């Protein structure tokens, strides 16, 4: 339940700007494509479950913990289970919305269409390693969010991505074009070689800005494994063999990424495992 609540807390960041501890009285931007807007105390809110009332999880003035508690209480077992999964759904180059599953049997996988993922399987976290021109990418992200808004509770999608800012394309993302390119395969080893903490902090800021511009919310990184085994295939994505330098670079990157800024920052999933490398 704690992991479930944490996942939902991340998703609720997408519901609007949050003011922790006190009620905000200034209107935040509220946009709805499917569900109606309601007015309470002279302010606008999304009626995400379309019941004509302002539920706590819809109230952007409330602390996130209170919104999470209310949302969890409204979710079915199937919806809670869906929140625990994180399948792939890459943006296509033309930004089209697939309407049928993609058979990846040879890879031991089946990638479903957005409607199946979101409406049938109750998925709210999706890994997007696809590539498209920025305007197409952003439009596709909004179209997927519209599908999510049409569900019973209107829970938005949290889009993640593997690192896509390396000067050389990494193993997971389909392309690094349209994003700024930084030293090293996944943008870490070359940056750490500079020993420039301010540069790494700026790198984090740029990553967040470019991700949020196209509808991405979380980076599956940074990679904090230590480079202690030269034969390991993931060394290029690390910072260093030094635990101290790795810690310094990680802190600077997360500060730049703005992990505590729900409006402009991005989330991070630090990886991989203690002792790896």
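Read-outs throughout are calculated quantities, based only on the coordinates presented, and are distinct from any laboratory measurement. Quick caveat: nothing in here was measured; it's all calculated off a predicted structure. Quick reminder, even Gly has a Cβ in these numbers, built from the backbone with ideal geometry, and neighbours come from all protein chains shown.
Things to note:
- Once the chain from residue 229 to residue 116 is taken as fully extended at 0.36 nm per residue, the excess over their C-alpha distance is 36.5 nm.
- Here the label points at residue 146 and residue 25, each 7 Å from Cα along the C-beta direction, are separated by 3.7 nm in the simple model.
- Value of relative contact order over the range 162-268, rounded to a whole percent, pairs C-alpha under 8 Å and six or more apart: 29
- The range 210-256: proportion of alpha-carbon pairs further apart than 17 angstrom, %: 43
- Normalised per residue, the volume of the convex hull around the Cα set of the range 182-277 (Å³): 89
- Sorted peptide list for 131-144, 199-212, criterion being average Cβ within 10 angstrom, highest first: 199-212, 131-144
- Ordered by the count of other Cβ atoms within 10 Å of each Cβ, fewest first, 263, 80, 46 give 263, 80, 46.
- Sorted by Cβ neighbour density within 10 Å, fewest at the top, the residues 117, 178: 178, 117
- Subtracting the Cα-Cα distance of residue 40 and residue 81 from their residue separation scaled by 0.36 nm leaves 11.5 nm.
- Centroid-to-centroid separation of the range 31-45 and the range 50-73 [C-alpha atoms, Å]: 13
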